[in-house]
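Please treat every number below as a calculation from the coordinates, not as lab data. From a predicted model like this one, the values you see are computed outputs, not experimental measurements. Reconstructed Cβ throughout: ideal geometry from the backbone, glycine too, with neighbour counts over all protein chains shown.
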Amino acid sequence: MKQRSILLKSIEEQELWEKEVVLQRNEFLKVAGSIDTNLYFIVEGTIRIFIIDEDHEHTIRFGYKDNMIASLDSFISEKPSSYYIQTIKKTRLKIISKKGLNHLIAQSPELQVFWKMALEQIIFQQLEREQDLLISSPAERYKRVLDRSPQLFQEVPNKYIASYLRMTPETLSRLKKY
Amino acid sequence: METTNDNVLMELIEITRINLNHIEQFKQLSLKELNLKENKESWSILECIAHLNIYGDFYLPELAKGVLIAEPFHSPFKSGLLGGYFVQMIRPKKEMKRMKTMKKFNPVGSKLDASVLEKFKQHQLQLLDLLVKASSLNINKTKTAVSISKIIKMRLGDTFQFVVFHNQRHIIQAKKVQQRFI
C-alpha cells in the first residue's frame, strides 16, 4: 500500500484535489449511462459499485475509508458506463480528474512506477474476483472472500455481501453460522 | 437549436441522479415530516412525489414503447415545435411560476406513506435504463402520446426531456417544503 500513500501525498502537496463531496446514506455518486473519468479517494464512509440487469442489482465491488475508487470502465475508455456507485453510509470523497492525475504522473518517473503497480494490483484483484464468480460452491466463494477481505463483513450489510457473493441472503447467513 | 442526442440524454441522466439523491434524503424524514404542508391546497413532500408517480405510471410505458420501436441508429436530436414549447414551459427556472394541475394528476387528499418514495425510486431506475437504451436510437422520429391531450404527439426525445424536467420541478418544490418546515 506504499505506492498509494506516495501518490496521495503528491496529490495533497500539489493541491490537485479538484473537489470534495459529501453524500448521505444511499445517495448516488454515479448512475448508469453517465461518463465518469474521475478518481475518488474515500475520506470516510463506504460505497458499493453495482449494475442492474433485468431489475436485479449485482454488486461488483466495495470501497472503504482510505480506498481509491473509480468507475474503471469509464475511467479507461472515457465512454458511458453502466455502473452505479452508491454510498452505504454517509461518505466524504475527494476528487481528482483523469487529466489531473495523468498530468501529475507524467512529471515523475517514480509516480509512474507506483501508478503501474497500482494498476497491476487492480488486475490481480480482478483475476481473483473472476475466480470467485466461477467457483460453484457457495461455501467456497464465501470462504475465499472472508479470507481476502474480512473488512467487508464488518462494514457492509448482509444483502449487499450476498449479492457480491452471488447467493441469497439466507444462504449467506447459513454459511456465517459455521 | 440542434443538439447532439448524447448531450441531451447525458444531461437528463445527471438530473435523474440528483433527483434520486433527493429522494434518498427524503427517505430519512419521518412520516409526519413527509406529510407536512403549508395549507390545504399546497402539496406536502409526499404529495409532490405522488404526483410524479402518477405521471410516471403514464409516461414510463410510453417511453418504453418508444424505445422499443425507435430506429436503431443515432441521429442528432432536434426538438419538435410543440414538444420544444412544452419542454421549455416545464423546465425549472430560477423563479418558478405556479402551474395548474389537472384533477386526475392531483394527489391532494390521498393517503400517502413512504412507499411513494420507493415507487418513485424504482421509476427512476427504469427511466435510467430507458435513457441508456435511447442513446443509440433515433429519438427524433418516434412519437409518444402525451398526458395533457389526446390529439398531440411528441418526439421521443422531447418526452424524455419533459418527464425529467417535470420530475426536477416538483423535487425542487418538495425540497422547498422541507426547507421551510423541517
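Going by the alpha-carbon gyration tensor, a ≥ b ≥ c the square roots of its eigenvalues, is the stretch B:122-182 rounded (a/c under 1.5) or, if a/c is not under 1.5, prolate (a/b greater than b/c) versus oblate? Because a/c hits 1.5 or more and a/b fails to exceed b/c, the stretch B:122-182 counts as oblate. The string of couplings for the stretch A:78-85 from the Karplus curve (6.51, -1.76, 1.60, θ = phi - 60°) is 6, 10, x, 10, 8, 6, 9, 10 Hz, one whole number per residue in order, with x for Gly and Pro. Taking the C-alpha atoms only, the angle from helix A:138-148 to the longest principal axis of chain A is near 30 degrees. Using unit Cβ charges (K, R positive; D, E negative) and no other charged atoms, how large, in debye to the nearest 20, is the dipole of the stretch B:92-182 about its Cα centre? With Lys and Arg at +1 and Asp and Glu at -1, about 460 debye. Applying the Karplus relation 6.51 cos²θ - 1.76 cosθ + 1.60 with θ = phi - 60° to the stretch B:97-109 yields 3J(HN,Hα) values of 7, 5, 10, 7, 10, 5, 4, 5, 9, 8, x, 4, x Hz, where x marks Gly and Pro.
The rule of thumb for compact globular proteins, 2.2 N^0.38 Å, goes into the C-alpha radius of gyration of the stretch B:38-87 1.67 times. For the residues B:E14, B:E62, B:E95, a GNM of chain B with alpha-carbon springs under 10 Å puts the largest fluctuation on B:E95. Compare B:I45, B:I151, B:I139 in a GNM of chain B, Cα atoms joined below 10 Å, and give the one with the largest fluctuation. Top of the fluctuation ranking is B:I151.
Placing unit charges on the Cβ atoms of the charged side chains and taking the dipole of the protein assembly as shown about its Cα centre, the candidate lying farthest along the positive direction among B:L131, B:I23, A:F114 is B:I23. Placing a pseudo-label 7 Å from each Cα along the Cα-to-Cβ vector at A:Q24 and A:E110 gives an inter-label distance of 4.4 nm. Under 22 Å of direct C-alpha separation, and excluding same-chain neighbours fewer than eight residues apart, A:K143 reaches these lysines: A:K159, A:K176, A:K177. Taking A:P150, A:P138, A:P80 as the candidate residues, the one with maximal mean-square fluctuation in a Gaussian network model of chain A, Cα springs under 10 Å, is A:P150. For the stretch B:6-32 versus the stretch B:45-76, the inter-centroid distance based on Cα atoms is 16 Å. Computed from phi, the 3J(HN,Hα) profile of the stretch A:28-45 under the Karplus parametrisation 6.51, -1.76, 1.60 (θ = phi - 60°) reads 9, 7, 8, 10, 4, x, 8, 9, 9, 9, 7, 10, 10, 10, 7, 6, 8, x Hz, with x in place of Gly and Pro.
Over all distinct Cα-Cα pairs of the stretch B:1-145, the Kirkwood formula returns a hydrodynamic radius of 16.9 Å. Taken about its Cα centre, the stretch B:11-109 carries a charge dipole of roughly 380 debye when the Cβ of each Lys and Arg holds +1 and the Cβ of each Asp and Glu holds -1. Taken along the Cα-to-beta-carbon direction at a fixed 7 Å, the label points for B:D6 and A:A139 span 5.1 nm.
Compared with the dominant Cα axis of chain A, that is its longest principal axis, helix A:109-134 is turned about 10°. What translational D, rounded to a whole number of µm²/s, comes out for the protein assembly as shown from Stokes-Einstein when the hydrodynamic radius is the Kirkwood one over Cα pairs, at 4 °C and 1.567 mPa s? Here the translational diffusion coefficient equals 57 µm²/s.
Annotation: amide H-H contacts under 5 Å for A:K30 (H modelled 1.01 Å from N, sequence separation of 5 or more, or interchain): A:I85.
State the Cα centre-to-centre distance between the stretch A:1-78 and the stretch A:114-178 in whole Å. When both Cα centres are located, 19 Å separates them. Under a 5 Å amide H cut-off, with hydrogens placed 1.01 Å from N, B:I139 pairs with B:S75 among residues at least 5 apart or on other chains.
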